[in-house]
Amino acid sequence: MHVKAQDLSFTDESDGTKKAEFDVMAVGFGDNGIPVDQTSRSYTVSLRKDVYEKFLKEGFVYDFTFPIKKPGAYQLRVAIRDKKTEKVGSANQSVEVPNLKKNRLTLSGVVLENMSFNDWQKFNAGQTPSVETNALNDTSMRQFKRGTVVNYGFTIFNAKIGAARDPSLNAQIRLFRDGKPLFEGKSQPVPTRTRADPTRVGYAASLSLGTVLAPGDYVLQIVITDSLAKEKRNTAIQFVQFEVVD
């Protein structure tokens, strides 16, 4: 989760650093509303002046592993409490934990990475982008400027394999705004390359956010089709929400 550092209380330390203390708690709820597990930790952060100013400007991402024992639909709720002021901020998100043992085509969650169009061109040409990207931060915030490029990636599980031990997968994207379709891409073959486990396929592509795209909330839908699977089980769908800003 992304945390706005300016909402935390920092104290001045004798060595010139800035210190903040906060607690983080995460609780997972099943589809019946009953908590299934929870985790909590306390943190102390000490920052040099230059790092502190960057924290205030950009905030920071807190990431952690939350155990889920059984497949199913869950509501994950996370809260952060500033120890000095006792102010609390929270966020929640629905999470679907698939049962991979059923051997059905399944997609992981989507990781996002944002870069300028010029840096994207450099990256594709094998050159080093002028600005370092941060996929963890971009995936947490999901807030991108018009005219930039969003790289997205995920893992495809339980792909069927043919006689040559290669999968036969196709990917298609759709972009929605306010529930209405805005763009539909052509179905494209998922690149096949040698891998230790051909049933588990990593996939990455890019979406250009045009300069005329209106600010607001959007949904990117990804559809993967497996031509080797039975018709009722040959499609898997995943989506990710993000915001376009000026």
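The values are calculated or read from the model by the stated rules, or taken from the named source; none is laboratory data. The shown structure was predicted, so the numbers you read here are calculated from the model rather than taken from an experiment. Cβ placement follows ideal geometry from the backbone for every residue including glycine, while neighbour counts extend to all protein chains displayed.
Before moving on, here are some points about what is shown:
- Listed conditions (1) surrounded by 14 or more Cβ atoms within 10 Å (Cβ to Cβ); (2) in contact (Cβ under 8 Å) with a residue 12 or more places away in the chain; (3) over 19 Å from the mean Cα position of the chain (by Cα) are all met by Ser130, apart from (1).
- Residue pairs whose Cβ atoms lie under 6 Å apart, sitting 6 or more positions apart in sequence or on different chains, and linking a residue in the range 109-127 that is farther than 30 Å from Val95 by Cα to a partner that is modelled with pLDDT under 95 and of a type outside the set (A, V, I, L, M), are Asp119/Pro129; Asp119/Ser130; Lys122/Pro129; Phe123/Pro129.
- Restricting the range 186-209 to residues that are modelled with pLDDT of 90 or more and of a type in the set (Gly, Ala, Ser), the residue that is nearest to Arg174 (Cα to Cα): Ser187
- Residue in the range 83-101 that is assigned to a loop (DSSP other than H, G, I, E, B), within 21 Å of the chain's Cα centre (by Cα) and at pLDDT below 90 present: no
- Residues that are loosely packed, with under 13 Cβ neighbours inside 10 Å and either in the same structural domain as Leu136 (by TED's automatic domain parsing) or modelled with pLDDT under 90 (or both) within the range 58-78 comprise Asp63, Phe64, Thr65, Pro67, Lys69, listed in sequence order.
- Taking the conditions (1) surrounded by 15 or more Cβ atoms within 10 Å (Cβ to Cβ); (2) among the hydrophobic types (A, V, I, L, M, F, W, C); (3) at pLDDT below 95; (4) closer than 25 Å to Glu96 by Cβ in turn, Phe242 satisfies each one other than (3).
- In the range 27-46, the residues that are in contact with an Asp or Glu (Cβ under 9 Å, 6 or more places away or on another chain) and not aromatic (Phe, Trp, Tyr): Val27, Gly28, Ser40, Arg41, Ser42, Thr44, Val45, Ser46
- Residue, farthest from the chain's Cα centre (by Cα), within the range 195-225, restricted to residues that are exposed (fewer than 12 other Cβ atoms within 10 Å of the Cβ) and farther than 25 Å from Gly179 by Cα: Ala196
- Residue satisfying all of: in the range 226-238; of a type outside the set (Val, Ile, Thr) and touching a residue at least 60 places away in the same chain (Cβ under 8 Å); surrounded by the most Cβ atoms within 10 Å (Cβ to Cβ) among these: Asp226
- Which numbered condition Leu56 misses (of (1) farther than 30 Å from Arg200 by Cβ; (2) outside any helix (DSSP H, G or I); (3) in contact (Cβ under 8 Å) with a residue 40 or more places away in the chain; (4) among the aliphatic types (A, V, I, L, M)): (2)
- Among residues of the range 181-224, those that are more than 28 Å from Met141 (Cβ to Cβ) and part of a strand (DSSP E or B), counted: 1
- Leu175 being farther than 26 Å from Glu58 by Cα, in contact with a strand residue (DSSP E or B) (Cβ under 7 Å, 6 or more places away or on another chain) and outside the structural domain of Tyr62 (by TED's automatic domain parsing): yes
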